[in-house]
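Notes to accompany the following structure.
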Amino acid sequence: MMPKLDGFGLLSALRADPGLRDIPVLLLSARAGEEEKVAGLKSGADDYLTKPFSARELIARVQANMELARVRRETKAALRDEAAALAELHKVSLAISSELNLERMVQVVTDAATSLSGASFGAFFYTVIDAKEENLLLYTLSGVPRAAFEKFPMPRNTGVFGPTFRGEGTVRSPNITKDPRFGRNAPYYGLPKGHLPVRSYLATSVISRTGEVIGGLFFGDERIGVFSERHERLLEGLAAQAAIGIDNARLFHDAQ
């Protein structure tokens, strides 16, 4: 026993410290009565073990409480992530319902999607039909300065970008450089020299009410395996909201 501090006092001190309060605590005591056990658990102990006890039981109790602590941490983190996601989605919803400036509205969507996906950068490209082929025009960018892309040509209807151009659904890759569609088009056969490094890749089409492919949301990160199925679902939801907002802004501008 510590001078002037028994196990209950030490436990109270731990639970009062913000940096230590989440540490799992197993009380070991010679007090075997029911009242003592209840008092120990009420004081904040995760478990209560009375003497004498076997080493095997002690190890099993410690392992079980460590696992419970891990689950609690992960649950708290998941709840924080969901709260952050709801806040971002609410921001997008407000922008789409009230913002008639097309660029500002699309920027809100791009920023939200970049934040929610954990990507190092994201962009919205408008679909443009030129004399040679279908192309994309950079409209909004998030996570990096615009100068990072301005010196490079816009994406073309290649094997990687084609599904997004054609509205064929979301493309998600843990490492796009290993995708068989990557690096098969001249003149670069992959990323141009000096381009931001991209391994994780996530992209989806933005499709209007009439079925027109307005453009695409594209996200990249130099790390491998950044994007999950959850990120894919969030991106598809944001793309649908962006399409509604763009349609509404277009109608307003036509009316003006």
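Residues checked against (1) outside any helix (DSSP H, G or I); (2) free of Cβ contacts under 8 Å to residues at least 40 places away in the same chain; (3) open to solvent by 70 Å² or more (accessible area, probe 1.4 Å):
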site	(1), (2), (3)
L14	no, yes, no
D22	yes, no, yes
E36	no, yes, no
A39	no, yes, no
V62	no, yes, no
R72	no, no, yes
D81	no, yes, yes
V92	no, no, no
Among the residues of the stretch 47-58, are any in contact with a Ser or Thr (Cβ under 7 Å, 6 or more places away or on another chain), assigned to a helix (DSSP H, G or I) and open to solvent by less than 90 Å² (accessible area, probe 1.4 Å)?
no
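Buried (at least 16 other Cβ atoms within 10 Å of the Cβ) and either under 36 Å from the mean Cα position of the chain (by Cα) or outside any loop (DSSP other than H, G, I, E, B) (or both): does that describe P18?
Answer is no for this residue.
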Reported set for the stretch 97-119 where residues are open to solvent by less than 50 Å² (accessible area, probe 1.4 Å) and small (G, A, S) is A112, A113, S117, G118, A119
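The values are calculated or read from the model by the stated rules, or taken from the named source; none is laboratory data. Not measured: the values here are computed from a predicted model. When we count neighbours, we look across all protein chains shown, and the Cβ atoms used for this are built from the backbone with ideal geometry, even at glycine. Accessible surface areas use protein heavy atoms only, side chains included; no ligands, DNA or RNA. Shrake-Rupley method; radii C 1.70, N 1.55, O 1.52, S 1.80 Å.
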